[in-house]
Amino acid sequence: DAKTTQPPSMDCAEGRAANLPCNHSTISGNEYVYWYRQIHSQGPQYIIHGLKNNETNEMASLIITEDRKSSTLILPHATLRDTAVYYCIVRAANFGNEKLTFGTGTRLTIIP
Amino acid sequence: GAGVSQSPSNKVTEKGKDVELRCDPISGHTALYWYRQSLGQGLEFLIYFQGNSAPDKSGLPSDRFSAERTGGSVSTLTIQRTQQEDSAVYLCASSFDGYGYTFGSGTRLTVV
């Protein structure tokens, strides 16, 4: 699976949009981009995933560049409960290789 | 059930003892994964079960670690002759389609 690069930490003011970047320059054509987050002392929580089109759900939006070498997770109106470690993961879509490989992620702190 | 259930939530054991950790996945989820997370570290993949296929054991750190999944549902992770470096949070996740994982809250294992 392709490796990802994320900043180790970020701060965002409460109520503002949090934009978390991820570089995955070696991504291949059949690999998806996934985002998970882990709030302190809890198991990771699935947020969103995409292949090449931008995606939006009730939690966040995922913007993938046209060359697919980077993506941005957007939390539109950050709250204190969004403070967590956010993981960007790239994984092949074929079902013979399903495990997710977590990196070190970005520690996002929402500032009151 | 509504989510992935793990038991016990906390386990303290003496060095050299065997421990069993249990995971009840979401009903109908065919894939089940075990990860562990040492204090302040990222998630480390241990083992993965998919339906009736042979499990992917590539992440098990030593032969003291084993896991089974009975009847395609409940899974037990066994650590024999525990060592202090085994202290970590052990996380279980399940998935129906391989796209989104649902994690449990984990078992915090402390070896003293």
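Just so you know, all these numbers are worked out from the coordinates, no wet-lab data involved. Not measured: the values here are computed from a predicted model. Cβ atoms come from the backbone with ideal geometry, glycine included; neighbour counts cover every protein chain shown.
Of note:
- When the residues of the stretch B:1-13 are filtered to those that are in contact with a Ser or Thr (Cβ under 8 Å, 6 or more places away or on another chain) and assigned to a loop (DSSP other than H, G, I, E, B), the one that is surrounded by the most Cβ atoms within 10 Å (Cβ to Cβ) is B:Val4.
- A:Tyr46 being in contact (Cβ under 8 Å) with a residue 40 or more places away in the chain and closer than 24 Å to B:Gly106 by Cβ: no
- Qualifying residues in the stretch B:49-79 (those that are among the β-branched types (Val, Ile, Thr) and outside any strand (DSSP E or B)) - the one farthest from B:Tyr33 (Cα to Cα): B:Thr70
- The sole residue among A:Arg68, A:Arg16, A:Arg37 that is of a type outside the set (A, V, I, L, M, F, W, C), under 12 Å from the mean Cα position of the chain (by Cα) and surrounded by 13 or more Cβ atoms within 10 Å (Cβ to Cβ) is A:Arg37.
- Within the stretch B:85-112, the set of residues being farther than 14 Å from B:Val12 by Cα, more than 8 Å from chain A (Cβ to nearest Cβ) and assigned to a loop (DSSP other than H, G, I, E, B) comprises B:Phe96, B:Asp97.
- Verdict on B:Thr82 being away from every other protein chain (no Cβ under 11 Å), of a type in the set (Ser, Thr, Tyr) and in a strand (DSSP E or B): no
- For the stretch B:60-84, the set of residues classified as touching a residue at least 40 places away in the same chain (Cβ under 8 Å) and under 23 Å from B:Gln41 (Cβ atoms) consists of B:Ser75, B:Leu77, B:Thr78, B:Ile79, B:Gln80, B:Arg81, B:Thr82, B:Gln83, B:Gln84, listed by residue number.
- Some residue of the stretch B:28-41 being of a type in the set (Val, Ile, Thr), buried (at least 16 other Cβ atoms within 10 Å of the Cβ) and closer than 20 Å to B:Val111 by Cβ: no
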